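Encoded as structure tokens, the structure appears first; notes follow it.
The values are calculated or read from the model by the stated rules, or taken from the named source; none is laboratory data. Keep in mind the model is a prediction, meaning the values are calculated, not measured. Methodologically, a virtual Cβ is constructed for each residue, glycine included, from the backbone with ideal geometry; neighbour enumeration extends over all protein chains shown.
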């Protein structure tokens, strides 16, 4: 029996309403309603559970003593009520199972279609379990078989994600059966998921907080001088072992920086990252070398290996945030899954190439080869260009210099269907011109900028009105009190205009705009405004058309848009847990 079923049974036996229980227990009507529907359950040993048990106990005493009760009722004891409820709370939380299942698919690199065939399920049914709209009929069998499939399909060298998910070391687990049992138990577990795997949230938080100007100052980027003295390296050289591989990467960066060539750079690697990242100095030297490439003005086509475990992929993307912000990096991915036998490495610039190879699980026994010989560089460049021709954009990045292309793409994407936005500030299309004028006056906005914003606002109003005629739109905002607002005033979100200066609300103008937005929701049936109980992003907005695309927009430092259609990244954004309440 579930918690909600037990509660409803008590109310039926006592022949009382939720309102009566609310009054006698001190819990609100809405809390009782959520408990009855199964939308919420109290934590074991919580004050709310104690209040609920006390309320039912008092009601049972009252009903037993009442002469108006048609049937005799034996009052329940406090202990039996508490025990009945806590027993339901000890049962597996299948909603948590769905969430764990989703995180497992994100963390591993297995295909949902392959898992469906293994379980003899329809892929769409697994998708519904993943989203929480369906529950497996036999949770224990489902978790056991899913765990068996994951272990069978994941080579031992790639199983580190199991350790991160479960929070338990697996280095001493030598048999698959024990590993399956560990993973299956985690899938059924009701404990909170380890924050280590919430890499998408971490990526977005870093993006939200990142300030390119501060970063440039912190690494003295503006003071960097691109050297012109040629580096004395042989025409070609081979490197063996992890330590020499790190030297090879740095030699490649030095040679590229010192070369007179301004040809685009192409980079790809599906080699393991862990050993090199453990070195205390290499990541800093590598990042400095990459900064020098960007300082020189080179454009980098980076082909990411997205078939790594999700957490490892997101950690890699986080490290690229500063470089993405320059607009000089175009990220790609290969749709085909690389084989799991060989590791590959290829980086090519105008006059130098670095190639690498290894057997999976034996990175230290591999070989890197750096060459400046023209015929060999030409061979590797053609090879890299062929690889790039197979790649797809991981995300498309737009800054002010390609604003027209962004506007064109945005128009096409917004015709895709219903949309959800997680916003840092209120939507401009619900604001009146009079309120805009007040905000402009308080911020000393120039006439030219005011004209741009008025024009943009009018276009947005018309676009959204037309959009709502055929699709639904939801905006999610986070509540903010006056004290927090005074510390961190909210700004108009005008990233589409690529304005690099802030236009801030006062508390009064923000409250007026909030009232206008709530009124807009009342008068437009296809529009809804929801309040998220999680802390807000301050500088980014996320727009989602489920199953199709997501756009992450940053309002300042710099103003930039990331358009994401890659399935794994998009799905992670769609499935971020954002607790909501209706306005």
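Residue under question is residue 415, and the condition is that it be at pLDDT below 95, loosely packed, with under 13 Cβ neighbours inside 10 Å and in a loop (DSSP other than H, G, I, E, B); does it hold? Yes: the conditions hold for residue 415. Of the residues making up region 393-412, just one is over 20 Å from residue 574 (Cα atoms) and assigned to a loop (DSSP other than H, G, I, E, B), namely 399. Residue 385 fulfils the conditions (1) touching a helix residue (DSSP H, G or I) at 6+ places or on another chain (Cβ under 8 Å); (2) surrounded by fewer than 16 Cβ atoms within 10 Å (Cβ to Cβ); (3) outside any strand (DSSP E or B) except for a single criterion, (1).
Screening 327, 289 for residues that are modelled with pLDDT of 85 or more, out of contact with any strand residue (DSSP E or B) (no Cβ under 6 Å at 6 or more places or on another chain) and not in a strand (DSSP E or B) leaves exactly one candidate, 289. Residue selection: residue 179 satisfies the criterion of being part of a helix (DSSP H, G or I) and modelled with pLDDT of 85 or more. Scanning region 470-492 for residues that are in a loop (DSSP other than H, G, I, E, B) and touching a helix residue (DSSP H, G or I) at 6+ places or on another chain (Cβ under 7 Å), we see that the one that is farthest from residue 460 (Cα to Cα) is 490. Select from region 130-161 the residues that are within 22 Å of residue 271 (Cα to Cα) and crowded, with 17+ Cβ neighbours inside 10 Å and list them in ascending order. Within region 130-161, 150, 151, 154, 158, 159, 160, 161 qualify.
Sort through 187, 253 and tell me the only one that's within 30 Å of residue 574 (Cβ to Cβ), out of contact with any strand residue (DSSP E or B) (no Cβ under 7 Å at 6 or more places or on another chain) and at pLDDT 85 or above. Please lay out each step first, then the result.
Numbers: 253 fails: within 30 Å of residue 574 (Cβ to Cβ).
So the residue among 187, 253 that is within 30 Å of residue 574 (Cβ to Cβ), out of contact with any strand residue (DSSP E or B) (no Cβ under 7 Å at 6 or more places or on another chain) and at pLDDT 85 or above is 187.
For region 430-456, a residue qualifies if it is crowded, with 19+ Cβ neighbours inside 10 Å and free of Cβ contacts under 8 Å to residues at least 40 places away in the same chain, and exactly one does: 436. Within region 214-250, being surrounded by fewer than 13 Cβ atoms within 10 Å (Cβ to Cβ), in a helix (DSSP H, G or I) and modelled with pLDDT under 65 holds for 217, 218, 222, 223. Evaluate region 395-410: report whether one residue or more is farther than 14 Å from residue 561 by Cβ and either in contact with a strand residue (DSSP E or B) (Cβ under 6 Å, 6 or more places away or on another chain) or not assigned by TED's automatic domain parsing to the domain that holds residue 552 (or both). No; the residues of region 395-410 include none that is farther than 14 Å from residue 561 by Cβ and either in contact with a strand residue (DSSP E or B) (Cβ under 6 Å, 6 or more places away or on another chain) or not assigned by TED's automatic domain parsing to the domain that holds residue 552 (or both).
Would you check if residue 20 is in a helix (DSSP H, G or I) and either farther than 30 Å from residue 148 by Cβ or modelled with pLDDT of 85 or more (or both)? So residue 20 passes the test.
Checking each residue in region 274-285 for being assigned to a loop (DSSP other than H, G, I, E, B) and either touching a helix residue (DSSP H, G or I) at 6+ places or on another chain (Cβ under 7 Å) or buried (at least 21 other Cβ atoms within 10 Å of the Cβ) (or both) picks out only 279. Residues that are assigned by TED's automatic domain parsing to the domain that holds residue 237, at pLDDT 90 or above and under 30 Å from residue 543 (Cα atoms) do occur in region 381-389, at least one of them.
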